[in-house]
Amino acid sequence: YNQVFKPEQDEAFFERRLRDRIATLVLVARIENVAVGFFIGFELRPGVYFSWLSGVFPDARRMGIATQLLCAAADWAKTEGYQTIRFECTNKHRPMLHFGIAQEYSIVGIRYDSELHENMIIFERSLV
């Protein structure tokens with residue numbers, strides 16, 4: 001995480017965020033046994049799986065790693081009985097906006113994040 005995003009977070013941040021979550025999934029993408037990306041998700045509510053956090057190291061971008069991670073997570077969520085997968089991103093994160101559209105996610109809403117002080121674009125895709 002800290003090699004992809006700022007500000008850095010400690011282990012306690014993830015422990016707090018994932019505590020008491022249902023169906024937590026953590027995936028790590030590797031090239032020759034070196035971690036190059038990750039996915040973390042959990043159940044948002046019954047039937048809806050939430051892609052909370054994912055990232056790919058800068059040197060490994062544009063290699064299809066994010067697509068593979070999200071597809072693997074969606075396949076897993078579908079086999080677990082979820083009908084929808086969702087993720088959010090800030091309006092200023094243009095590559096992720098393009099990625100969501102390219103992966104056939106629909107923009108289903110906008111919400112204001114009081115912690116980031118920004119609008120979040122909400123993407124969803126049916127798994128059925």
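The values are calculated or read from the model by the stated rules, or taken from the named source; none is laboratory data. None of the values given here were measured: they were computed from a predicted structure. Positions of Cβ are generated from backbone atoms using ideal geometry, with glycine treated the same way; all protein chains shown enter the neighbour counts. The area values use the complete protein model at the heavy-atom level, side chains included, leaving out ligands, DNA and RNA. Shrake-Rupley method; radii C 1.70, N 1.55, O 1.52, S 1.80 Å.
For the range 22-43, the set of residues classified as part of a loop (DSSP other than H, G, I, E, B) and open to solvent by less than 90 Å² (accessible area, probe 1.4 Å) consists of Ala23, Thr24, listed by residue number.
Any chance the range 106-113 includes a residue that's open to solvent by less than 70 Å² (accessible area, probe 1.4 Å) and at pLDDT 95 or above?
The answer is yes, given that some residue of the range 106-113 is open to solvent by less than 70 Å² (accessible area, probe 1.4 Å) and at pLDDT 95 or above.
Taking each residue of the range 44-57 that is open to solvent by 10 Å² or more (accessible area, probe 1.4 Å) and looking for partners that are basic (Lys, Arg) and not in a strand (DSSP E or B) with beta-carbon atoms closer than 8 Å, six or more apart or interchain, yields Trp52/Arg17.
Within the range 58-69, how many residues turn out to be out of contact with any helix residue (DSSP H, G or I) (no Cβ under 7 Å at 6 or more places or on another chain), open to solvent by less than 70 Å² (accessible area, probe 1.4 Å) and not in a loop (DSSP other than H, G, I, E, B)? Walk me through how you get there before you give the answer.
Taking the range 58-69 first, the residues out of contact with any helix residue (DSSP H, G or I) (no Cβ under 7 Å at 6 or more places or on another chain) are 58-65, 67-69.
From the residues that got through so far, the ones that are open to solvent by less than 70 Å² (accessible area, probe 1.4 Å) too are 60, 64-65, 67, 69.
Still in the list and also not in a loop (DSSP other than H, G, I, E, B): 60, 65, 67, 69.
Residues in the range 58-69 being out of contact with any helix residue (DSSP H, G or I) (no Cβ under 7 Å at 6 or more places or on another chain), open to solvent by less than 70 Å² (accessible area, probe 1.4 Å) and not in a loop (DSSP other than H, G, I, E, B): 4 in total.
For the range 70-89, a residue qualifies if it is open to solvent by less than 40 Å² (accessible area, probe 1.4 Å) and either over 23 Å from Glu43 (Cβ atoms) or part of a helix (DSSP H, G or I) (or both), and the qualifying residues are Leu70, Ala73, Ala74, Ala77.
Among residues of the range 90-105 being touching a residue at least 24 places away in the same chain (Cβ under 8 Å) and touching a helix residue (DSSP H, G or I) at 6+ places or on another chain (Cβ under 9 Å), the one that is surrounded by the fewest Cβ atoms within 10 Å (Cβ to Cβ) is Asn91.
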